[in-house]
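Working notes, beginning with the structure itself.
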């Protein structure tokens, strides 16, 4: 087995989660990730933990959803009971065919998500969980890479010195926490200001996502002013949004366009009132990720990028009693800040041309 | 997908178990059986049931067991909670490498089984369960067959008219139930008598095993007299027992030999006092199975065979207050009765040269 699989497993068990003796560990993984499951079981055996694995099969899920009446989806009692007795959850993504569920009616997907809500709540509230990625040929194909290049890409992103990464991110968190205002300037068509006054900055150093490598906060809801062009592509419902351009006044999108799939952008903005406002400002800090892969788990952590999300705010970033932007959507859009770009806080450079102030 | 996979799934859902709307169904399957999982999910969606799947991975199980201290194996709380909330369990066998766990110390396997005992008890007592087989290249290899020939073999055995099979087996059950004594005669070196007085005969028509196709009972413990040669091979701990010859007096093995692995036979007989006595008399009645495959799920159902098990008796066959042969082992051994052989009950032919009295 590729030795990087063992390193990946060790990061999951010892850094992302803190598995101890006697812990009931639930692994959720597709068949294509069996190597990682094997490596995890070896470590979990050494730790004296108690693993079991749920097979994630989009093919089976598709067959079930197509055969099922949307009205009949209901919480699975055995899945809920299992989650209630689980201490640690390790979720592994890895496709065999990224288009597997394209012929499932969207209302079936929504009905399934609603039915699963109690299981999800239980995981979020009462387990130590992490989501990660195992490299597969299908995901390589979706990223436009050879399988070996994708495999290198995944392990460069996940097998890092996460203690050093945490320290580096903490410096950015402290600057953002103290800041009243942020300004993003890039090229000729991005100059945006956002108030961060009183908002909390958070660090994702691979506690819940592996790869991690992101610092994020939420702007004051009505404070966003100016224009921004998102020059890196993102995939939404299987379609690519390219060169999205947004103009904000008093926190609300007043003009919008996209070089590709502008209708999809419009439908996002029409979801609800919150979808026209910014719920998140994020800074990608994982230098192991040097290109977009159309996989959000990676793209939003990419070093030298800043992202804004239209829609629902980040709960941890918004203090109680402050206005919280609510929406049914949360759509991340990315700006490349590696060249001809800067992010300022309170008039001082935080990030210029891909380097933070302490790296200049 | 091979249409026989859909037939197999339909038999599992509609005959072996009785899945209804709202039932929580637990599928346990290896990655190699994903086709069958997909077919099951389609049917379970049509029925409005709620499936989830546990990945069976002997590779992961091996890695875990080797890394784990035997003393640390303990019941998995999440597995037990899941089983307690489960209505129907469909277990699927199908190897990727039948030798996958050959380098796991036997005491680890025993520790794991002991730890899993409460989960097993819950399945047996409070769920509707079935064990079946999905064809894989590794199992084909173990049977000495091409993958396509093995696939045909599996579907010939499982996709049958189980209602007709049940009626055919019921006739044999009634004869055995009423019988006081059975006598098995085959070739020159098999002539054995067993008392069935008061014992109950049972029919396996694919309620808990698919393939099914067996009628079985337990003999009166000290009643077995005579000699028997088991001329079909069986595999025990990865080694083949061939042409086992046993001589019984007062129900106990007094002489034994085997053409291959006689030492293994001796070690079975030395396990405990019950291992030298017969716990089961079984009659294979599945005519879709026409050769031994070294897979017990199939071999003991093979049409034209009779088997005896050394060791633990069958609970359902022994009335309360009757002596029950207890042992840590239950080793099935097969006699080919397709030619030059007969099984009599109370002096009348039940089976001669592979045909039952009602087929003569």
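Of the residues that make up segment A:273-283, is at least one surrounded by fewer than 21 Cβ atoms within 10 Å (Cβ to Cβ) and either over 19 Å from the mean Cα position of the chain (by Cα) or in contact (Cβ under 8 Å) with a residue 40 or more places away in the chain (or both)?
Checked against the condition, which is being surrounded by fewer than 21 Cβ atoms within 10 Å (Cβ to Cβ) and either over 19 Å from the mean Cα position of the chain (by Cα) or in contact (Cβ under 8 Å) with a residue 40 or more places away in the chain (or both), segment A:273-283 yields at least one hit.
In segment A:253-264, how many are in a strand (DSSP E or B) and surrounded by fewer than 16 Cβ atoms within 10 Å (Cβ to Cβ)?
Residues meeting the conditions: 4.
Got a sec? Which of A:26, A:36, A:80 is surrounded by fewer than 23 Cβ atoms within 10 Å (Cβ to Cβ), at the interface with chain B (Cβ under 10 Å from one of its Cβ atoms) and either closer than 19 Å to residue B:53 by Cα or under 26 Å from the mean Cα position of the chain (by Cα) (or both)?
The match here is A:80.
Restricting to segment B:83-99, give me the number of residues that are within 7 Å of chain A (Cβ to nearest Cβ) and either more than 26 Å from the chain's Cα centre (by Cα) or over 18 Å from residue B:12 (Cβ atoms) (or both).
Summing the residues that are within 7 Å of chain A (Cβ to nearest Cβ) and either more than 26 Å from the chain's Cα centre (by Cα) or over 18 Å from residue B:12 (Cβ atoms) (or both) in segment B:83-99 gives 2.
Restricting the search to segment B:46-63, which residues are touching a strand residue (DSSP E or B) at 6+ places or on another chain (Cβ under 8 Å) and within 7 Å of another protein chain (Cβ to nearest Cβ)?
Correct list: B:50, B:51, B:52, B:53, B:54, B:55, B:57, B:60.
Would you point out which residue out of A:289, A:283 is touching a strand residue (DSSP E or B) at 6+ places or on another chain (Cβ under 7 Å) and part of a strand (DSSP E or B)?
A:283
When you go through A:87, A:156, A:161 one by one, which is the residue that is at pLDDT 95 or above, surrounded by fewer than 14 Cβ atoms within 10 Å (Cβ to Cβ) and out of contact with any helix residue (DSSP H, G or I) (no Cβ under 8 Å at 6 or more places or on another chain)?
Answer to the selection: A:161.
Modelled with pLDDT under 95 and closer than 19 Å to residue A:159 by Cβ: which single residue out of A:18, A:71, A:29 fits that description?
Exactly one of A:18, A:71, A:29 is modelled with pLDDT under 95 and closer than 19 Å to residue A:159 by Cβ, namely A:18.
Only one of these conditions is not met by residue B:41: (1) at the interface with chain A (Cβ under 7 Å from one of its Cβ atoms); (2) within 18 Å of residue A:27 (Cβ to Cβ); (3) surrounded by 19 or more Cβ atoms within 10 Å (Cβ to Cβ). Which number is it?
In the conditions (1) at the interface with chain A (Cβ under 7 Å from one of its Cβ atoms); (2) within 18 Å of residue A:27 (Cβ to Cβ); (3) surrounded by 19 or more Cβ atoms within 10 Å (Cβ to Cβ), residue B:41 misses (2) alone.
In the list A:346, A:332, which residue meets the criterion of being at pLDDT 95 or above and surrounded by fewer than 16 Cβ atoms within 10 Å (Cβ to Cβ)?
Just one listed residue meets the conditions, A:346.
Under the condition of being in a loop (DSSP other than H, G, I, E, B) and surrounded by fewer than 18 Cβ atoms within 10 Å (Cβ to Cβ), which residue from segment A:224-249 is modelled with the highest pLDDT?
A:243
Restricting to segment B:119-138, give me the number of residues that are modelled with pLDDT under 95 and more than 24 Å from residue B:16 (Cβ to Cβ).
The qualifying residues number 0.
Which count do you get for residues in segment B:143-193 that are over 18 Å from residue B:283 (Cα atoms), over 22 Å from the mean Cα position of the chain (by Cα) and part of a helix (DSSP H, G or I)?
Number of matching residues: 2.
Go over the candidates A:192, A:120, A:124 one by one and state the one that is surrounded by 20 or more Cβ atoms within 10 Å (Cβ to Cβ) and either in contact with a strand residue (DSSP E or B) (Cβ under 6 Å, 6 or more places away or on another chain) or without any contact (Cβ under 8 Å) to a residue 12 or more places away in the chain (or both).
Being surrounded by 20 or more Cβ atoms within 10 Å (Cβ to Cβ) and either in contact with a strand residue (DSSP E or B) (Cβ under 6 Å, 6 or more places away or on another chain) or without any contact (Cβ under 8 Å) to a residue 12 or more places away in the chain (or both) holds for just one of A:192, A:120, A:124, which is A:192.
The values are calculated or read from the model by the stated rules, or taken from the named source; none is laboratory data. These figures come from a predicted structure and were not determined experimentally. For neighbour counting, all protein chains shown are included, and Cβ atoms are generated from backbone atoms with ideal geometry for every residue, glycine included.
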